[in-house]
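Okay, structure first, notes after.
Coordinate-derived values only; no laboratory data. Keep in mind that what you see is a predicted model, and the values were worked out from it rather than measured. All Cβ positions, glycine included, derive from the backbone under ideal geometry; neighbour counts span all protein chains shown.
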Amino acid sequence: MITMSKTTDADGEFEIEFEIDGRTVEARPGETILEAADRVGIDIPTLCALEGLTNVGACRMCLVEVDGERLETACTTAAEEGMSVAMDTEALWDRRRTILELLFAEENHYCMYCEAEGDCELEDMFNRAGLDASRFPLEYPDRSVDTSSEWITMDLDRCINCGRCIRTCEEVVANDTLSFAGRGKETTIVADDDVPLADSSCIECGACVQACPTGALYGSASAYRGRTAECETVETTCTECSMGCALEVDTNSGRIVRIEGARDGEDGAQLCERGRFELLADGRERVDAASIHGEGAVDLEVALERASEALADADSVGAVASDRLPTETLVAFAEAMAAYDAEVAVPGTERVATEARIAERVAGELGTTASALRADGPEAVLGADAVVAFDTTIVDTHPIAAAYVRRAAKDGATLVGVDEDEDRFGSKSDVSIASGPAMRGVAARAVQLFEDGAEAFTDDRAGPLLQVVPALEDGTGVIVLGPGVDDEETIIDAYALAGMTDGVVLSLPDRANAAADGLIDTTVADTVDAAPDVAYLLAADDEGTDLDRLLPVARAADTVIVQATRESTLTRAADVVLPALDWFEREGTVTDASRAEGELTRVLEPRGPVDEDRAVLDALADPGEAPDEEVIEA
Amino acid sequence: MTALAELVEDRTVRDRSDLESLEREGLDSLYPGVTKVLVGLSSCGRAAGADDAYEVFQQELADVDEAVVGRTGCLGFCDREPLVEVVEPNGESIVYEGVTEDVARKLADAVARGDLPETGVLAGRLHHEARQHSHDVPLFEEVPFYAAQERIVLRNSGLIDPESLAEYVARGGFFGLHEALTEYEPGEVVEAVQASNLRGRGGGGFPTGDKWSFLAGNDADQKYLICNADEGDPGAYMDRTLLESDPFAVIEGMLIASYATGATQGYVYVRAEYPLAIERLEHAIDTLRSVGLLGTDVLGSGHAFDLEIKKGAGAFVCGEETALMASVESERGMPRPRPPYPPQSGLWAKPTNINNVETWANVPQIVRKGADWFADVGTENSGGTKVFSVTGDVRNTGLVEVPLGTPVETVVFEVGGGTTGGEFKGVQTGGPSGGVVPEEHADTPIDYETLVELGSMMGSGGMIVMDESTCMVDQSRFFLDFCVDESCGKCPPCRYGTKQTLQILEGITNGEGEAGDIDALQSLADTMADTSLCGLGQTAPNPVVSTLEYFEEEYWAHIEDEECPAGDCELGSGTHGKTYKILQEECVGCHQCAKACPVDAIAGEHQEPHSIDPEACIGCGQCAEACPLDIIEVRG
């Protein structure tokens, strides 16, 4: 996976030895005093520094005395052999206190009413400095509060202008929405040209919220619901797409309070709107009891019996499971359905299997290996010299991968966006190709261009591609295949192009666990073909278009059994409804686009009749046996 | 007619003989064999009405064969503008002062008749081969304003047409560059600048040669030079004048440095508030490109250097070198932490050398006349001269160039002609980063270290003379107000420390001062000086600290007695010791004074007598200047 730290390229040995407050500390060449101190647990006070962002030396809190003669900011100064650094002196704390007092008087810091109280770095710094008031007269500036966004509130009364939100939006998310406006004490944070967040280019990923040290930026849905210290924090993996980002979920009194990116994680604490905010607020009604159509709610055993009877009696069974479920559940699903000779499908796996097949074939033809043609993971984009993105809807479906693409473009990579409709990367792309439905044509022409040279081209659409191939040839190229790429020819040409230019293909399957190829040998289908007698649909908490995928099967079948978390048109029309767990109750592993396994950890204990989805499936698999005790909550 | 206007096919300057032919051309232009009327058309002159005078001369002398009209830059005595110099064919000249449109008409007539008046004269000069003056006029060197000056950097100002390359060459221009390119190794040029003791004229005073050596010693595929022309100190206009009057000198300095350090691209960062300077620079760059003195093969040497202008956008902080570079990079103009320093990592992370306009302008002569010659002028630690803009309560306002080491009192009393009325109190140097040199230290020789020792600094050259009618608390309030406006906002001690300091000073000048204010000011000053990210914040407290050191009793008078001893600030009359009164019996209510008043202190109905509100009046005198009947009385 990726490390997003912006620390100086620190790869080497600890060649440097210096002193902080009389203690010997080691450092690599190029490392800052702050980095070296951090590693050994020396806590130099900071407000504007943040792991993963460029250090700017703005807040002045980390000023340390170097060699007894000058003050330097520890965050921007490289450690040198023999350096003598003083950090914890009374004189320096005097200065820090004055700066903190200035910060306090400058804005409207009403800690009493602030949701960040207890989770605020400014407050912590005050406590550490031994301050509880400011001796300066208060400014009472007129600051704005922006509540336009659904998830993010920007209350500039509390802003200390550290710039962490801006640098996060620029350097990590690469969306460039936030910036400073005004000068001196009028300096403030604005979105785009100073428009409300909801009207701006903001993608509501909330990375800025996590970066903000005070209560200036906070998650509206989490406000006042619990300080971090009062919460239990569980780390799990997001299953909204195939990026597999690590989630740190804070719960309090059995409720989920807040979701943040893993603070020590390799994703750099970045999450998208779905993973950070939407997971907090599923407004759909929960399926909290088993039910039978026409009979209402029933005991789980009754429903299980009815279901297994229907399955056993059926001439044909079609079974489809959501690809957002952990591998263990999908294996149990496949085994259970195999007991009924069912035709089994998991949407999204077809693409993965197809691609695997194509990669092998193309690799064979080019005399290389399939793994050589594949990117190690989305982070491969970050170091690329050229990125060709087929299907730019990844901006919506895989926002973090899209952020990597934007970052690569900022770092100088040539970016080509190919899409059926408009290039969602917009002006960030060097070349945009709106291909219409014939995206495959673009890839094919690219291959042709490489093989035959520019002269072979007569098609207008080749024009932009003339820039693509050299970009791919000159350096490391990554061809990104978004979830919307479903035709084989495009995939073949993409792998061919990668092979011919010494590049790699980054495949982004739609959902979380679609990449679990090889683990589910029977599920190479996206859907069930025939109209089965009985349809078994493990819908879990799928919604929207994901749920819509299951409807044709449901309509075609005579009897429909649904194992679902939330009520929907499907559950209301189904013959038997079995409760399923929600994302925060599931356990297991998922394989993401990097082919790495992520852990799903139970965040909250299930409160319904089902303790594990697998138990329901196991019970169905052995219809003769009495339902397992685990199935019924004690 | 400029050299550019006479451009024919190939005017490329490839070698010394090309330079020499330009030199001849320039001499012909400077001394055309007929009477030459030179009108000073820098911003100071134009503000005084020189444009009108120029038009008059052009019209009136159009048909006079024995006279030509030309334009030039600033002669330095800005108080007396418009200045017009009439140079006779024999090389004798008379500089006339206050040549407004009407005066110009009479003078043009006199020139046409060949009978130059000896009134309205500032001084006479001897040009070219003239050895004695036949007119009864004081010579330039005898005029007190000029006597103590040594015009090295300003040698061409007020003499050449700023747009004429030929005239610049005729005065020795580009021979320095030629010498550097053909007779010196790059390292030797650096050594020469080091030996000259030239120090940064922007205020830092860092040895220029050492700075160049850092850049020269850095191996990189691209190196840059920057000319800092952001000149933001209030009241300082030395760089503006240099760029308007002698732009080629600045560029030649950069060309010499590009050879010495290996830089191939330069940027001049000019504040947008200097449109004439920008115009003259653009013209100079175009001209030099067209003759191969900028471009891929400078003076036929095979060395490449080109120059681009970047305009500022109204930010004092962009005079700070890292904020300047951020601005050139199209980023928000905020300073960046140093290290790394620009010669290591500057513009777009490439090695960069930044110098001030005046620093660059000194370089060509160091090469031509030698490092020793330059080092001999000035003091042991600082070679050469410094240009100062002398303003304030002083008789002779203008641009002054004196050798470093000249005592402050020489500038104030000999050059400046003393104060305008009251007793001399002190001189403010260094603008918002500087402090006061009080009367008791007026014998201090002007140098980087000596001023710092007194609690002030050289700064870019602003020098504000103050007499007893200036309130020192108000002075520091003024500079802090400036800093509050100009702070970039990146670091808390500056953006809010300046505001807190200003608030206290405003309180003191409003009669709301408290006993703890002095300590509070000192404490804020210490924090800002120690912890601010850049020089703006670090030096913002200097005016306060300096005035506290020498004039603490004034602060206490404001705080305890609620009195302004100078009779100046809010607690005083607020009018700098002056009172303005409209003579009611004479006033016809034309409303011109009210229109001119910048603080709306004058009230009156149309065609009814107007009156000035003494509370609101700030004593600027605009009303008196605007009154067509001259019936506004000034006392004090």
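As a test, work out the antiparallel percent of DSSP beta bridges whose residues both lie in segment B:1-118, rounded to the nearest 5. If I count the DSSP bridges inside segment B:1-118, around 55 percent turn out antiparallel. Residues whose amide H comes within less than 5 Å of that of B:Phe424, counting only those at least five positions distant or on another chain, are absent (H built at 1.01 Å from N in the peptide plane).
Using θ = phi - 60° in the Karplus curve 6.51 cos²θ - 1.76 cosθ + 1.60, the 3J(HN,Hα) couplings for segment A:582-593 round to 9, 4, 7, 9, 6, 10, x, 10, 10, 9, 9, 5 Hz; x is entered for Gly and Pro. If the label point is 7 Å along Cα→Cβ of A:Thr527, which residues in segment A:578-609 have backbone nitrogen under 19 Å from it? Nothing falls inside the zone, counting backbone N under 19 Å.
Against the main long axis of the alpha-carbon atoms of chain A, helix A:399-410 sits at an angle near 50°.
How far is helix A:488-500 tilted, in degrees, relative to the longest principal axis of the Cα atoms in chain A, given as a value from 0 to 90 rounded to the nearest 10? It works out to around 50 degrees. Give me the distance between the Cα centres of segment A:232-290 and segment B:4-73, rounded to whole Å. What the calculation gives is 77 Å, centre to centre.
Name the residues of segment B:322-340 whose amide N is less than 17 Å from a point 7 angstrom out from the Cα of B:Gln222 along the C-beta direction? What the label zone holds, given the 17 Å backbone N cut-off, is B:325-331. Here r is the Cβ-Cβ distance between A:Ala181 and B:Leu139 and R0 is 60 Å; the resulting FRET efficiency, rounded to 0.05, is 0.55. Tell me the mean residue ellipticity at 222 nm calculated for chain A from its helices only (DSSP H runs of n ≥ 4, each -39500 (n - 2.57), averaged over every residue, nearest 500). Taken over chain A, the calculation gives -8000 deg cm²/dmol.
Does segment A:520-614 come out rounded, prolate or oblate by the C-alpha gyration tensor, with a ≥ b ≥ c the root eigenvalues, rounded set by a/c under 1.5 and, if not, prolate when a/b is larger than b/c and oblate if not? Because a/c hits 1.5 or more and a/b fails to exceed b/c, segment A:520-614 counts as oblate. Which entries in B:Lys211/B:Lys386; B:Lys499/B:Lys578; B:Lys310/B:Lys350 show an alpha-carbon gap greater than 22 Å? With Cα atoms farther than 22 Å apart: B:Lys499/B:Lys578. For segment B:541-584, GluC sites (Glu not before Pro) meeting the loop criterion (DSSP other than H, G, I, E, B) and having at most 13 other Cβ atoms within 10 Å: B:Glu562. Where both bridge residues fall in chain B, DSSP classifies roughly 60% of the beta bridges as antiparallel. Karplus-based coupling profile of segment B:179-186, in residue order and whole Hz: 4, 4, 5, 9, 10, 10, 7, x, with θ = phi - 60° in 6.51 cos²θ - 1.76 cosθ + 1.60 and x standing for Gly or Pro.
Based on Cα contacts under 8 Å between residues 6+ apart, segment B:285-344 shows a relative contact order of 17 percent. The long axis of helix A:300-313 is offset from the longest Cα principal axis of chain A by roughly 50 degrees.
Each Cα pair under 8 Å and six or more residues apart adds its separation to the average, and for chain B the resulting relative contact order is 11 percent. Amide H to amide H, with H built 1.01 Å from N, A:Ile433 comes under 5 Å of A:Gly417, A:Val418, A:Asp419, counting only residues 5 or more places away or on other chains. Residues of segment B:342-369 with amide nitrogen under 13 Å from the 7 Å Cα-to-Cβ point of B:His303? Residues B:364, B:367-368 qualify, since their backbone N sits under 13 Å from the label point.
Computed from phi, the 3J(HN,Hα) profile of segment B:386-391 under the Karplus parametrisation 6.51, -1.76, 1.60 (θ = phi - 60°) reads 9, 8, 10, 9, 9, 9 Hz, with x in place of Gly and Pro. Available extension along the chain between A:Ala338 and A:Glu285 is 16.0 nm, counting 0.36 nm per residue and deducting the alpha carbon span. How would you classify segment A:160-281 from its alpha-carbon gyration tensor, with a ≥ b ≥ c the square roots of the eigenvalues: rounded for a/c under 1.5, else prolate if a/b is greater than b/c, otherwise oblate? Prolate, since a/c reaches 1.5 and a/b exceeds b/c. Using a Cα-Cα cut-off of under 12 Å, which aspartates and glutamates could be cross-linked to B:Lys490, ignoring same-chain neighbours fewer than 8 residues away? The qualifying aspartates and glutamates are A:Glu186.
Each residue, B:Glu512 and A:Ser201, gets one label point 7 Å from its Cα in the Cβ direction; the gap between the two is 4.3 nm. The distance between label points at A:Tyr140 and A:Glu301 comes to 7.1 nm (points 7 Å beyond Cα on the Cα→Cβ vector). Among rounded, prolate and oblate, which fits chain A when a ≥ b ≥ c are the square roots of the eigenvalues of its C-alpha gyration tensor, a/c under 1.5 means rounded, and a/b larger than b/c means prolate? Oblate.
Round to the nearest 0.05 the FRET efficiency obtained for B:Glu118 and A:Thr147 when R0 = 56 Å and r is the Cβ-Cβ distance. Once rounded, the FRET efficiency stands at 0.10.
Rounded to the nearest 0.05, the FRET efficiency derived from the C-beta distance between B:Glu185 and A:Thr601 at R0 = 60 Å is 0.30.
Taking 0.36 nm per residue of sequence separation and removing the Cα-Cα distance, the A:Tyr224/A:Asp421 pair yields an extension gain of 66.7 nm. A simple spin-label model places pseudo-atoms 7 Å from Cα toward Cβ; at B:Glu329 and A:Met112 they are separated by 4.5 nm. Please report the antiparallel percentage of the DSSP beta bridges confined to chain A, to the nearest 5. Given both bridge residues lie in chain A, the antiparallel proportion sits at roughly 55 percent.
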